[in-house]
1. From the list Ile440, Ile459, which one is outside any strand (DSSP E or B) and modelled with pLDDT of 95 or more?
2. Can you say whether Glu577 is surrounded by fewer than 17 Cβ atoms within 10 Å (Cβ to Cβ) and farther than 23 Å from Cys466 by Cβ, as far as the supplied structure shows?
3. Suppose we filter Gly175, Gly136, Gly181 for residues that are buried (at least 22 other Cβ atoms within 10 Å of the Cβ) and either of a type in the set (Lys, Arg) or on the phi > 0 side of the Ramachandran plot (or both); which single one remains?
4. Any residue at all in the stretch 101-116 that is assigned by TED's automatic domain parsing to the domain that holds Tyr46, within 23 Å of Leu384 (Cα to Cα) and without any contact (Cβ under 8 Å) to a residue 24 or more places away in the chain?
5. Test each condition in (1) of a type in the set (A, V, I, L, M, F, W, C); (2) free of Cβ contacts under 8 Å to residues at least 40 places away in the same chain; (3) under 18 Å from Tyr572 (Cβ atoms) for Leu513 and report the one that comes out false.
6. With respect to Leu143, determine if the residue is in contact with a strand residue (DSSP E or B) (Cβ under 8 Å, 6 or more places away or on another chain) and buried (at least 24 other Cβ atoms within 10 Å of the Cβ).
7. So, restricting to helices (runs of 4 or more DSSP H) that lie completely within the stretch 211-301, which ones have at least 2 residues that are under 26 Å from Ser500 (Cβ atoms)?
Amino acid sequence: METETREIDPELAADIAKFRRLLADHLADRVDEDSFRVFRLNNGIYGQRQQGHNQMVRVKLPYGNVSPEQLELLGSVADRYSRGWGHITTRQNIQFHFVQLETVPDLLEELAQAGLTTREACGDTVRNVMGCHLAGACPFEVLDISPWAEATFRYFLHHPYAQRLPRKFKINFSGCVTDCGQAMFNDVGVVAVSRPRSDGTLEPGFRVFIAGGLGANPHPAQALEEFTAREDLLPTIEAVLRTFDHFGNRYNKLRARLKWVVDELGIEELRRRVLRERQLLLASSSWPGGIPELVQELGDEPAGVSTAVQPTPMGVPVMLRVSPKADPYTRWESTNVVVGVAKGTVSAIAYARLGDITSDQFRALASIVRDFGVTVRTTNRQNLVFRGLSSEQLQDLYRRLDEIGMAQPGAELARDVVSCPGADTCNLAVTQSRGLAEDIGRALEEAGLADVGGIRINISGCTNSCGQHHVADIGFHGAERRANGRQAPGYQLLLGGHLSNTEVQFAQRALRLPAKAAAEATVRLVGRFAEERDAGEPFAEWMQRVGGAKVLATELKDLDEWPDPEERPDYYIDFGETGPYVAEVGEGECAAG
């Protein structure tokens with residue numbers, strides 16, 4: 001079936017025409033490299049480690065939403081412009097690698113015809129607006145944040161203040177305090193909450209958190225005010241954006257994010273300036289006050305919570321370990337299916353190994369969405385979730401996913417190791433993080449631990465946390481090591497990251513390990529956790545109960561040993577490489593998605 005085309009949005013058409021013109025000028029040496037790089041990044045096109053004209057193209061999927069027509073197009077893009085596959089990022093985008101620079105304008109035009117854009121997916125801009133992948137299907141949500149995320153995406157796309165910020169700016173929505181959308185480490189994190197009315201019912205609205213961020217120096221987001229009414233939400237976000245534009249550091253990229261403004265001014269002064277900006281925003285011609293028309297049109301009623309009843313947060317779901325001896329469908333249903341008790345909503349997660357989807361899988365997913373009459377979204381753990389299912393459809397869905405290799409049980413559980421692209425393509429990475437993710441997945445499978453619930457493993461190829469290692473139960477970031485007079489690939493192990501109930505706890509440093517010993521360390525930790533935890537106990541609580549990160553590190557210390565390079569040369573070669581390890585770090589282009 002051919003992909004449905006639509007009339008291209010005039011602003012996107014102008015973007016594409018400008019890209020064609022400036023690309024031609026750049027190739028003819030009429031536009032210098034620095035100027036063109038900034039322009040290219042603002043249009044979501046990122047240079048790869050391989051240099052030359054190899055580019056990564058990042059396609060924005062606001063709150064992970066994607067239609068079957070768009071899935072089909074993404075499959076076509078993977079074949080014709082890339083290497084036959086795409087990659088889901090931890091911020092719900094789709095990336096394509098090894099796209100040749102000269103082909104980018106044609107690619108942008110095809111994306112625009114399907115209602116997709118790369119505009120402001122990279123660079124010092126307002127990035128993809130994220131949202132909980134179960135929004136509209138979660139019985140614990142206070143509001144369905146889907147239309148709010150869509151309205152926010154549309155409002156800030158091409159917004160004058162969203163173009164040349166001091167640094168990138170990230171917005172995230174969660175429908176309840178469980179915070180599946182990960183609002184607590186973003187520049188603006190929006191969480192739906194409620195407050196009592198005078199008649200005893202509850203008014204739904206938001207609590208807005210500001211100035212969070214990961215990177216090498218993580219900062220938790222902090223509440224701007226106790227409650228933000230629905231009609232004040234967009235003015236509040238714009239006020240935060242304007243304040244960042246005014247007071248962010250434009251001279252030092254390493255201290256340019258909004259989180260550093262907190263360190264400079266203090267949170268109380270930052271709050272004062274944001275609220276003052278919002279108060280005076282009424283005078284601006286761009287004042288976005290009131291409930292957006294899109295929200296009024298689509299509605300934001302929650303999937304099962306009445307405004308007369310106080311919702312009970314469900315916390316981080318901790319699924320019981322399923323016997324590896326159970327039949328494949330039972331294991332899949334027990335770990336990949338989410339049932340909303342209040343309205344009986346049924347959702348199921350399709351597993352994308354390392355976040356990768358082949359062109360054939362894109363097309364098959366589109367067919368499933370059509371045939372089952374459901375919707376699908378990408379998740380922040382690099383999978384896809386089918387929403388609006390009936391229980392009668394589950395066995396057929398499992399069969400269809402199994403046929404394309406996306407029905408592994410344990411999606412979003414221990415098996416589901418999240419990784420950034422690492423040294424495969426990123427200029428800043430010092431290790432092959434994707435190779436380690438595969439090695440850990442293999443080791444967990446062999447140990448019978450891949451289906452363990454309540455534990456999340458994340459890997460970054462450097463300290464910048466594109467793989468979100470700071471908020472994982474078990475996190476790794478790449479680090480160059482020296483042993484026996486040689487360079488060698490290594491990792492810093494971090495433990496106990498946790499995100500829930502509008503609180504974030506960043507993982508604690510444990511110990512450094514050779515890359516080839518990280519899988520064994522993970523197996524030991526996951527195995528011990530599975531055996532010792534109390535029913536429903538999260539990893540972070542178990543970790544503290546048994547002595548904390550330092551005690552666990554002591555018990556793994558035997559793994560931080562470097563064998564003689566003649567006896568174990570593999571310790572001195574990174575995953576997927578054939579020659580001795582060399583830490584090669586290039587100039588970064590703001591890759592964090």
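1. Ile440
2. On the way: surrounded by fewer than 17 Cβ atoms within 10 Å (Cβ to Cβ): yes; farther than 23 Å from Cys466 by Cβ: no.
It is false that Glu577 is surrounded by fewer than 17 Cβ atoms within 10 Å (Cβ to Cβ) and farther than 23 Å from Cys466 by Cβ.
3. Working: Gly175 fails: either of a type in the set (Lys, Arg) or on the phi > 0 side of the Ramachandran plot (or both); Gly181 fails: either of a type in the set (Lys, Arg) or on the phi > 0 side of the Ramachandran plot (or both).
Residue meeting the stated conditions: Gly136.
4. no
5. (2)
6. Details: in contact with a strand residue (DSSP E or B) (Cβ under 8 Å, 6 or more places away or on another chain): yes; buried (at least 24 other Cβ atoms within 10 Å of the Cβ): yes.
So Leu143 fits the description; yes.
7. Details: elements: 233-247, 258-265, 267-280, 293-298.
Per the criteria, 233-247, 258-265, 267-280.
Here's the yes/no breakdown for (1) without any contact (Cβ under 8 Å) to a residue 24 or more places away in the chain; (2) of a type outside the set (A, V, I, L, M, F, W, C); (3) closer than 24 Å to His158 by Cα:
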position	(1), (2), (3)
Gly212	no, yes, yes
Phe227	no, no, no
Gly248	no, yes, yes
Arg271	no, yes, no
Glu277	no, yes, yes
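The values are calculated or read from the model by the stated rules, or taken from the named source; none is laboratory data. Model, not experiment: these values are computed from the prediction. When we count neighbours, we look across all protein chains shown, and the Cβ atoms used for this are built from the backbone with ideal geometry, even at glycine.
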